[in-house]
Amino acid sequence: MPDPGPVTCAGCALLCDDVTIEPSGDGVRLEPPCPLGAQWFSERARRPASAPAATIRGQAAGVEAALNRAAELLRGARRPLIYGFDGATVEDARAAVALADRLGALVVPGGLAGAWPGAPALPLRGASSATLGEIRDRSQVVVIWREDPLTSHPRLLERLGFVDGSADGSPRRAWRGTRTLVVLDDRDTATAARADLRLRWARERDLEALTCLRAMQRGVAARSSDLGDALGGLLERLGEVPHAAFVYGPALSSGAGGQRRALALHELVRALCGDRHVVTLALPSAAGATGAEDVLTWQTGYCGSVDLAGGHPELVTATRPLMADEGVDVSLCIEGGLSPAPAGVAEIALGSLPARGDAEVSIHTAAAGVEATGTAHRLDGVPLALQAPLARDAPSAAALLARLLAEIER
Amino acid sequence: MSALRISGGRVHDPANDVDGELHDVCIDGGKVVAEVGPDARRIDARGMVVMPGGVDIHAHIAGPKVNAARRLSFELRRDDVEACAGALRSGTGGLVPSTFATGYRYSLLGYTTVVEAAAPPLAARHVLSELRDTPMIDKAFLVLMGNNQVLFELIRESRGAVSPALRDAVAWWLEATGGYGVKLVNPGGVELWKQNNGYVDSLDDQVAGFAVTPRQVLEAIGGAVDELGLPHPVHVHANNLGVAGNADTTLETMRTLSGRRAHFAHLQFHCYGGKPGGRLRSRAPELLDYLGGHPELTADVGQVMFGEAMTTTADAHVSAVLRDLSGGKWINHDTEVETGCGIVPYSYRARNYVHALQWGIGLELFLLGRDPWQVMLSTDHPNGGSFLAYPKLIRLLMDRGFREEQISRANQRAIRETALLDGLDREYTLNEVAIVTRAAPARRLGLRDKGHLGIGADADVTIYHDRADREEMFATPRYVIKGGELAVEEGELRRADDGLLLSSRAAFDPEVSRVLEPLFGERYTVAFAHYPVRDPALREPARIVEAGS
C-alpha cells in the first residue's frame, strides 16, 4: 500500500483528516487509533478483486446491464424513492437530487430503518452552533446529552480538547484551566465514565428536564420535579462560565417527541445566550449525512425529506416512515444501509459494500475516502476533501447516477 | 457560439460614453465584435433599450450561511416554485431561493454576474459546490478575512503594517479558496462577539488576546489588497452596523482607508446619527460629501425595501440584537479562527420610524450622491430585501411621482429626518441606471470584460422594452444574452448554462506556507495540507483575473 500521507477518514461524521493508514493483518491500522475508522477502512479495503461489479437479482452482471435494468425500473416507477447517503459525497448527493428531480422522486436523506427522525427542529426556531475548534477553544462546560461519542464518534472528546481524561492544557485555549465534561445518560457508557459530572434520568423525562431547566434559568422554581437538584447543579455550572456547549444526537431529536425535545434544547440555549455564549453540536452518525442534507437544502430549499413528484420540491411533513405510506414501488439506495422493503418494492442499491442478495439491482461503487475522491461535510458543516488512498477503477456513485440520468433521458 | 446582430436598439453603455444612441451591437464567439457577417442571426431591437448585462456587486447567494437561511425560511417557499422542465431544474423561491432558482431569477431580471459577498474561507468547498449549482450567471465570492486569528497574529507581528508575510498570506488565501476578493466584516468585532458577546466601540479597541485593533486590521489587510493589486479593492462591512451614531465609525473607517482603494458595503446601514441606544437620524449627506472628495472609495447602498427580508450576516452580534428585537427565529454559527454568522428573518414596515428612516437614507444615498460611479445599487440581498425588488427600486429612482407616492405612505416623522421632502426632484436617467447596476459594479470589481459593450467585452447583453412603467420594464427584459447565447426571451428561460466562476490570483512567495502551517496547527481542526481547494471539479469552469492586470 503506498503511503498516501494523512487522509480524511469517513468512518463517522467527524471526518478526522489527520489520519495515516497502514496495513495490519487483513485490515488496516489507523494513527491516531480509532476502532471505528479502522473497521471502516478495513471493510472497504478488503473487497476481493473477484467480487462482481454488479448483480441483478443476486446474479453477477455487468455494470452496463445493471444500469440498463435500473434505468428501466426507474423509468417505469410510479413512486420512486431515493434514500441512504450514509457514505455519500456531496458530489453523489448532487447527482442523486438531479436524478430525483427528473424522476419526480421522493428523497429521504438518511436510512429508513430504525426510528423515524421526524421533522427537524431547526427551521422552526433556529439554533446556536459552532465548529469543533470553537468549542474546543472556548467552551469550559461541555454537556453530552444522552450520546456515547466514545463509541459512535471515538475521537470527538479528543477533538474537543478533552485529552486522556483531562482538559488540554494548551495556554492558548480561552479556558486555560479545568473544564467540565457533563454527561447526561442513564446508561453506563464509555463516555459517561469520563464525565466530571453525571446526570441520570430516563429518556422519557428529557422534555420535562429541558422545560424545567428553562424555567429555572428564568428564575421560576421547578416546583414539582424531583430533578430539581440535578438540574440546579447543571445550571450552576453553566452559570459560572462564559462559554458552554451542548452535544446532542438522535437520542434527543429522533423518534416520537424528538422535534419537541430538540426545540426545548434550542430554546434553553437561546435563553442562556442572553448573557453568555452557548452553542450546540449535533451528532449525526454517518459521514455523508450532513453533506446530503446541505445539498438537498441548496438544490430544493428544504431540509428533511423532499417530494419532487409534483415537478417541484415539496417538504414532506409525514411523521411516520414513508415507504409503506406513500406507495413506493421502486427504491434507490445510495451508499447507505439497504432497508428492508415491503413486498412489491423493487430495490436498486449503489454502494461500496455488498448489498443484500434480494436487491433487484446492485452496483458496486468506489468508496469515497478509500477508492475515490470527493467532498464531505463534517458534522459541524465544515467541508472537507476525501482522498483515495486505495484508488481503484470502480465508478463513484456520482458517476453512476449521471449515467443513469443520461440513460433515463435518452 | 453563433454570430448575432442586435439591431436598431437604443444603447446605454456608459463605460464607453454611449448614452441612448441608436446603433447595432454585434456578437461573435461570446464577445462583442465590430461587425458580423450577413448570415448572423438578427434581433430586431427597434424601440428597445440595450444595456450590458447586470452586475450585482454585493449579494448573498451561496454558502453555509445562505443555506441555513434557506432552512429557516421554509414556509415562504411553498407557493413560490420553479418546475423541472427540459434542461431546467426545479427549485423554490422565497427570500432565499434555492440555487437553481437563484440563477434563473437573476437571469430573468437581466443580471449576468453576481458576487457572493461574504464566504468563510474554511467553507470554500461548500460555497464552490453551491455556485456550481447556480446556473445562468457568472459568479464570484469574497473571502472573509477581518476576524481571522492567523492574520491577526501576522498583523500583531508587523504592528499593523503591511508585511510581506501578510501580503503573501492574503494572496495564499485567495489561491487556496478560489475567491475573488477580500471582505472585512466588523473587523475585530466578530472575534470579540465570539469571545464574550462583545463588540467594538472604537477603531482603536484592542481585540483581546491578539493585541490588534480594528484600525490595524483595516490598514494592514486593506493595504495588502492594494499592494497586491487585486482587481477588486478591499470590501468593507464597517464596525457598528445598525447602531445609532455609527456614521462616526464609518467616517473614521473611510479616513483610515483613504488614499487606498476600498469599497464600502451596504452604506445605508452605516449612515446613522444619534446616540447609541437612542433615536436614529440620517447622516447620509456627510458620508456622501466625504466620498465625493475621495474617488478611491466607492460604496453600494444596501437599500431597505418594505416587506419581508432575511438578515444573513457574518456580523453575528447584529443578529443577536435583531433576535432580541424580533423574538423570532435566530441562527448563530461560530466558525473557528475565521468568522461568525447570524441569521434572523426580519420585516421592514413603512410605518415604523426606524425602517422608514433606513429606507429614506438609502434613497438619499442614491439621489444626493453626485457621482453614480461611486454609489452602486444593492439591497444587500436578502438583508434589505430580495434582489427581485431591484425593478421597484429602479422605479423609485427614475419616477419621481411614484417615489413621492411611496414616501407619503412611510412614517412621516422619519421622512422628515431625511432630505426626501426637500424638493429632491432628481430622476435617474437610463444611463445612470446602467451605471449603478452594471458599469460601475463591473469597473469596481475589476472585471474589464463586463459591464460594457465595447469591442472585446463579454457578450452579456440585456434588452428591455422601453416602457413608461420602469418597474415593469426592468422586471421583464425582452431578451437576455449571456456569453453570446440567448438565455431569456420574453420572460422565459431559453437555455441552461452553467456560468463561470470568477477568481482572482496574485503572486505570492510559497514559503509563506512555513509561516502559516504552525499557526494553522494550533488553531484549526482541519489539517493545513487539506485546507486548500484543489479539486478542479469545484473550481472550473473558471476565469482567473490576474492581480495588476
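Which of the residues belonging to the range B:245-261 are closer than 11 Å to B:Glu296 by Cα and either without any contact (Cβ under 8 Å) to a residue 24 or more places away in the chain or not in a helix (DSSP H, G or I) (or both)? The answer is B:Ser258, B:Gly259, B:Arg260, B:Arg261. List, please: which pairs have Cβ atoms under 9 Å, are six or more places apart or on different chains, and start with a residue in the range A:269-293 that is without any contact (Cβ under 8 Å) to a residue 12 or more places away in the chain and end with one that is charged (D, E, K, R)? Filtered contacts from the range A:269-293: A:Gly274/B:Asp324. Does B:His317 satisfy the criteria of being closer than 29 Å to A:Arg378 by Cβ and either of a type outside the set (A, V, I, L, M, F, W, C) or surrounded by fewer than 23 Cβ atoms within 10 Å (Cβ to Cβ) (or both)? Taking the combined requirement at face value, the residue satisfies it.
If you scan the range B:198-235, which residues turn out to be under 21 Å from B:Glu546 (Cα atoms) and assigned to a strand (DSSP E or B)? Passing the criteria: B:Val234, B:His235.
Per the listing A:Arg136, A:Arg75, A:Arg69, the residue uniquely of a type in the set (Lys, Arg), buried (at least 20 other Cβ atoms within 10 Å of the Cβ), farther than 27 Å from A:Gly255 by Cα and at pLDDT 95 or above is A:Arg136. If I filter the range A:387-410 for residues that are assigned to a loop (DSSP other than H, G, I, E, B), under 25 Å from the mean Cα position of the chain (by Cα) and within 19 Å of A:Val97 (Cα to Cα), do I get at least one hit? Yes, the range A:387-410 contains a residue that is assigned to a loop (DSSP other than H, G, I, E, B), under 25 Å from the mean Cα position of the chain (by Cα) and within 19 Å of A:Val97 (Cα to Cα).
Using the structure shown, decide if B:Val143 is of a type outside the set (Gly, Ala, Ser), over 25 Å from B:Val480 (Cβ atoms), buried (at least 24 other Cβ atoms within 10 Å of the Cβ) and within 14 Å of another protein chain (Cβ to nearest Cβ).
On the way: of a type outside the set (Gly, Ala, Ser): yes; over 25 Å from B:Val480 (Cβ atoms): yes; buried (at least 24 other Cβ atoms within 10 Å of the Cβ): yes; within 14 Å of another protein chain (Cβ to nearest Cβ): no.
The answer is no for B:Val143.
Can you confirm whether the range A:37-44 contains a residue that is more than 27 Å from A:Val163 (Cα to Cα) and buried (at least 16 other Cβ atoms within 10 Å of the Cβ)? Checked the range A:37-44: at least one residue is more than 27 Å from A:Val163 (Cα to Cα) and buried (at least 16 other Cβ atoms within 10 Å of the Cβ). Scoring B:Val344 on the criteria (1) in contact (Cβ under 8 Å) with a residue 12 or more places away in the chain; (2) assigned to a helix (DSSP H, G or I); (3) of a type in the set (A, V, I, L, M, F, W, C) leaves a single failure, condition (2). Only residues that are over 17 Å from the mean Cα position of the chain (by Cα) and either more than 9 Å from chain A (Cβ to nearest Cβ) or touching a residue at least 60 places away in the same chain (Cβ under 8 Å) (or both) were counted across the range B:94-112, and they come to 2.
Here the condition is being hydrophobic (A, V, I, L, M, F, W, C), within 18 Å of the chain's Cα centre (by Cα) and over 21 Å from A:His277 (Cα atoms); of B:Phe306, B:Phe269, it holds for B:Phe269 alone. Being in contact (Cβ under 8 Å) with a residue 40 or more places away in the chain, over 17 Å from B:Pro214 (Cα atoms) and not aliphatic (A, V, I, L, M), is that true of even one residue in the range B:143-161? Scanning the range B:143-161, I find no residue that is in contact (Cβ under 8 Å) with a residue 40 or more places away in the chain, over 17 Å from B:Pro214 (Cα atoms) and not aliphatic (A, V, I, L, M), so the answer is no. Taken together, the residues in the range A:16-35 that are within 14 Å of A:Pro6 (Cα to Cα) and exposed (fewer than 11 other Cβ atoms within 10 Å of the Cβ) amount to 1. Being among the polar types (S, T, N, Q) and farther than 20 Å from A:Gln39 by Cβ is the filter; apply it to the range A:352-388 and report the residue that is surrounded by the fewest Cβ atoms within 10 Å (Cβ to Cβ). Checked the range A:352-388; the qualifying residue surrounded by the fewest Cβ atoms within 10 Å (Cβ to Cβ) is A:Thr373. Quick check on A:Ala60: is it more than 14 Å from chain B (Cβ to nearest Cβ), over 30 Å from A:Val345 (Cβ atoms) and either among the small types (Gly, Ala, Ser) or assigned to a helix (DSSP H, G or I) (or both)? No; evaluated as a whole, the condition is false for this residue.
When the range B:63-92 is examined, which residues are found to be more than 7 Å from chain A (Cβ to nearest Cβ) and either touching a helix residue (DSSP H, G or I) at 6+ places or on another chain (Cβ under 7 Å) or not charged (D, E, K, R) (or both)? Talk me through it step by step, then tell me what you get.
Start the filter on the range B:63-92 by keeping residues that are more than 7 Å from chain A (Cβ to nearest Cβ), which leaves B:63, B:65-66, B:68-69, B:73, B:75-76, B:78-80, B:85-88.
If the condition is that a residue be more than 7 Å from chain A (Cβ to nearest Cβ) and either touching a helix residue (DSSP H, G or I) at 6+ places or on another chain (Cβ under 7 Å) or not charged (D, E, K, R) (or both), then B:Gly63, B:Val66, B:Ala68, B:Ala69, B:Ser73, B:Leu76, B:Ala85, B:Gly86, B:Ala87, B:Leu88 are the ones that fit.
Scanning the range B:505-520 for residues that are free of Cβ contacts under 8 Å to residues at least 40 places away in the same chain, assigned to a helix (DSSP H, G or I) and more than 14 Å from chain A (Cβ to nearest Cβ) yields a count of 1.
Would you check if there is a residue in the range B:325-340 being in a helix (DSSP H, G or I) and over 15 Å from the mean Cα position of the chain (by Cα)? Please lay out each step first, then the result.
Of the range B:325-340, the ones in a helix (DSSP H, G or I) are B:325-326.
So of that shortlist, the ones also over 15 Å from the mean Cα position of the chain (by Cα) come out as B:325-326.
Yes, the range B:325-340 contains at least one residue that is in a helix (DSSP H, G or I) and over 15 Å from the mean Cα position of the chain (by Cα).
Restricted to the range B:1-120, the set of strands (runs of 3 or more DSSP E) holding at least 1 residues that are under 30 Å from A:Ala121 (Cα atoms) comprises B:54-59, B:111-119. Is it the case that the range A:102-113 has a residue that's within 14 Å of chain B (Cβ to nearest Cβ) and in a helix (DSSP H, G or I)? For the range A:102-113, residues within 14 Å of chain B (Cβ to nearest Cβ) and in a helix (DSSP H, G or I): present. Put simply, of A:Ala256, A:Ala245, A:Ala230, A:Ala264 the only residue that is closer than 29 Å to A:Thr151 by Cα, among the aliphatic types (A, V, I, L, M) and surrounded by fewer than 16 Cβ atoms within 10 Å (Cβ to Cβ) is A:Ala256. Filtering the range B:521-538 to residues that are buried (at least 19 other Cβ atoms within 10 Å of the Cβ) and either touching a strand residue (DSSP E or B) at 6+ places or on another chain (Cβ under 6 Å) or part of a helix (DSSP H, G or I) (or both) leaves B:Arg523, B:His530, B:Leu538.
Here is a yes/no grid of residues against (1) surrounded by fewer than 21 Cβ atoms within 10 Å (Cβ to Cβ); (2) outside any loop (DSSP other than H, G, I, E, B):
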| position | (1), (2) |
| --- | --- |
| B:Ala350 | yes, no |
| B:Ala356 | no, yes |
| B:Gly362 | no, yes |
| B:Ile394 | no, yes |
| B:Gln406 | yes, yes |
| B:Arg413 | yes, yes |
| B:Asp422 | yes, no |
| B:Ala434 | no, yes |
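Out of (1) surrounded by fewer than 24 Cβ atoms within 10 Å (Cβ to Cβ); (2) among the basic types (Lys, Arg); (3) within 12 Å of chain A (Cβ to nearest Cβ), what's the single condition that is false for B:Arg159? Of (1) surrounded by fewer than 24 Cβ atoms within 10 Å (Cβ to Cβ); (2) among the basic types (Lys, Arg); (3) within 12 Å of chain A (Cβ to nearest Cβ), only one is false for B:Arg159: (3). Residue count for the range B:341-374 satisfying the condition of being within 27 Å of B:Met145 (Cβ to Cβ), within 14 Å of chain A (Cβ to nearest Cβ) and not aromatic (Phe, Trp, Tyr): 4. Would you mind stating whether B:Thr462 is touching a residue at least 60 places away in the same chain (Cβ under 8 Å), within 14 Å of chain A (Cβ to nearest Cβ) and β-branched (Val, Ile, Thr)? No; evaluated as a whole, the condition is false for this residue.
Answer yes if at least one residue in the range B:326-337 is closer than 14 Å to B:Gly385 by Cα and charged (D, E, K, R), and no otherwise.
Of the range B:326-337, the ones closer than 14 Å to B:Gly385 by Cα are none.
For the range B:326-337, residues closer than 14 Å to B:Gly385 by Cα and charged (D, E, K, R): absent.
If the condition is being within 14 Å of another protein chain (Cβ to nearest Cβ), over 20 Å from A:Ser352 (Cα atoms) and over 19 Å from the mean Cα position of the chain (by Cα), then the range A:1-53 contributes A:Asp3, A:Pro4, A:Gly5, A:Pro6, A:Asp18, A:Val19, A:Thr20, A:Glu31, A:Pro32.
The values are calculated or read from the model by the stated rules, or taken from the named source; none is laboratory data. All values reported here derive from a predicted model rather than from experimental measurement. Please note: Cβ atoms are built from the backbone with ideal geometry, for glycine as well, and neighbour counts cover all protein chains shown.
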